[in-house]
Amino acid sequence: MRWAWVSARTVGRICYHSALDGVSKRNEREREMETPSRQRAVEEPARRAGLPYPALVGILGGGQLARMTAEAAARLGIEVAVLEREAGSPAARMAAREVVGAWTDRARLAELAEGALVVTLENEFVEVEALAFLAERGVPVFPTAHMLGLVQDKLEQKRFMRAAGVPVPAFAEVARPEDVARAAADWGWPVVLKARRNGYDGYGNATVRAPEEIEAACARLGWPERALLMEAWVPFARELAVMVARGRAGETVVYPVVETIQRNHICHVVRAPAAVAPEVAARAAAAARRAVEAIDGIGVFGVELFETANGEVLYNEIAPRPHNSGHYTIEGCVTSQFENHLRAVLGLPLGSAALVAPAAVMVNLLGTREGPARADGLAEALAEDGAHVHVYGKLRSRVGRKMGHVTALGATIEEAETRAGAAAEAIRL
Ligand code: AIR
């Protein structure tokens, strides 16, 4: 009965036409039900007091994020089933059940969900229809199909956030290349072009600095087959990120605001906490929480933000899953992002997001070569006092591929960064 209701809602929700539509529907609902959390108490199963064992969680995707979720699950005696397109993915090699197939394959999806208490995902490129299919079969799925649909399209996502009162930089649709020059006349150069869908780690972004670069940038991003949006360039002082965990009753836990240092559009270093003024941290935390509440997210979310020179905070984007900027939480916080993700989607109480040391720094280990993976210099890295080395177990290395990371804690950011940096320098993957 309960799930029949959820199923009807899911189907209704994925039929939305625009984010603004979503906002008005949501407001209507909120007026009716007072608060979203009050409403969810009716929709969702009550918070769990215990777990039946063997407890199983299904994960769509088998990369490092699923692998670290599986590690957190193992500590609670929870097993995972993983659906990935190729055999031997990092998470599948630690999973109780490996399912190999497309995320659109209904038989494989059903196999993944068989006996699972809940199904979740670890990358947002999963088709909305896959989540809807599972929900229709009565499997609790978080994030929901509706929410995923909302964030998969970066243009819809930004419209939705702006309507929800989250501060966003100027942005607009690119219907044709001429739109870019027109926007630049208002905003100034450069303008950032982005694919509306399926862009990550800089794939799907282009910075356009002058009118003569527009055509080439549009073509490189795949226009006109691929729809684009554009954003005003934000002359940021820092890039910030905040992890937010939100439970099934709408309760939230906000992690410390961190600074992320990107290299070639890939997260390179994360410093926790960010060395920002307390009011900037408060603004960032509030914007991140508002973003997650606005989309009615359940699970853990990575919210990326810009800090401008005058201390303003602007929303960049949201990831509906554990996030690279939250890897430091494994050793750096009382409860890791991965454990809180599991707790949230399972309906268990959320754990504290407080730092356990004054500072934590994470350095990514990116692939340095093409071919079979091997960890050269691992011994030297492990000899670095206080460096927590993570190798994701990817079988093949590619230049720039995320192969692992190192986290170190310290009395100061400098101390933690020196430790983590030294260990990261020693490893070649
Ligand atoms: N991921 C997903 N979105 C962003 C990131 N970083 C993680 C997920 C996914 C993995 O990266 O865990 O499965 C894919 O990594 P790769 O190296 O195979 O592209």
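Throughout, read-outs are computed from the coordinates displayed, never taken from laboratory work. None of these values were measured; they are calculated from a predicted model. Counting neighbours? That spans all protein chains shown, and the Cβs are built from the backbone with ideal geometry, glycine included.
Taking 187, 233, 103 in turn, the Gaussian network model of the chain (Cα-Cα springs below 10 Å) assigns the largest fluctuation to 187. Within segment 220-343, the proportion of C-alpha pairs whose separation exceeds 24 Å stands at 28%.
Stretch residue 412-residue 175 to full length: gain in nm at 0.36 nm per residue minus the Cα-Cα span?
On the way: separation 237, 0.36 × 237 = 85.32 nm, distance 4.79 nm.
Full extension from residue 412 to residue 175 adds 80.5 nm.
Scattering from segment 320-429 was approximated by placing one identical point on each alpha carbon and applying the Debye formula without solvent; log10 I(q)/I(0) at 0.15, 0.16, 0.19, 0.20 1/Å stands at -0.67, -0.75, -0.95, -1.01. The ellipsoid equivalent to the alpha-carbon distribution of segment 34-141 has semi-axes of 23, 18, 12 angstrom, derived from the gyration tensor eigenvalues as √(5λ) and listed largest first. Per-residue Karplus couplings for segment 156-171, computed as 6.51 cos²θ - 1.76 cosθ + 1.60 with θ equal to phi - 60°, are listed in order as 4, 4, 5, 4, 5, 5, 4, 5, 7, x, 7, x, 10, x, 4, 8 Hz, Gly and Pro entered as x. Of the three principal axes defined by the Cα atoms of segment 123-213, the extents in descending order read 52, 28, 21 Å. Between residue 237 and residue 380, the FRET efficiency estimated from the beta carbon spacing at R0 = 51 angstrom works out to 0.90.
Sequence-ordered 3J(HN,Hα) estimates for segment 209-218 from the Karplus curve with 6.51, -1.76 and 1.60 and θ = phi - 60° stand at 9, 7, x, 6, 8, 4, 4, 5, 5, 4 Hz, glycine and proline given as x.
Taking 0.36 nm per residue of separation and subtracting the Cα-Cα distance, full extension of the segment from residue 251 to residue 185 would add 19.4 nm.
Of 298, 261, the sequence from fewest to most neighbouring Cβ atoms within 10 angstrom is 261, 298.
Short-range pairs are left out: with C-alpha atoms under 8 Å and at least six residues apart, the relative contact order of segment 170-232 is 48 percent. For residue 189, the amide hydrogen comes within under 5 Å of no other amide hydrogen, counting only partners 5 or more places away or on other chains and with H modelled in the peptide plane. If you plug the beta carbon distance of residue 265 and residue 312 into 1/(1 + (r/R0)^6) with R0 = 25 Å, you get a FRET efficiency near 0.65. With springs only between Cα atoms under 10 Å, which of 131, 382, 240 fluctuates most in a Gaussian network model of the chain? With Cα springs under 10 Å in the chain, the top fluctuation among 131, 382, 240 is at 382.
When all alpha-carbon pairs of segment 192-266 are counted, what percent fall beyond 18 Å?
55 percent
Ranking 174, 218, 336 by Cα position along the charge dipole of the chain, where only Lys, Arg, Asp and Glu carry charges on their C-beta atoms, puts 336 farthest toward the positive end.
A simple spin-label model places the labels of residue 398 and residue 219 2.4 nm from each other, with each point 7 Å out along Cα-to-Cβ. For the chain, the fraction of alpha-carbon pairs lying more than 32 Å apart is 36 percent, rounded to a whole number. Note on segment 170-232: the C-alpha convex hull projects to 3.6 nm² when averaged across all orientations.
Relative contact order of the chain: 13 percent, from C-alpha pairs under 8 Å at least 6 residues apart in sequence. Could you let me know the centre-to-centre spacing of segment 380-428 and segment 146-206, using Cα atoms, in angstrom? If you average the Cα positions of each part, the centres end up 33 Å apart.
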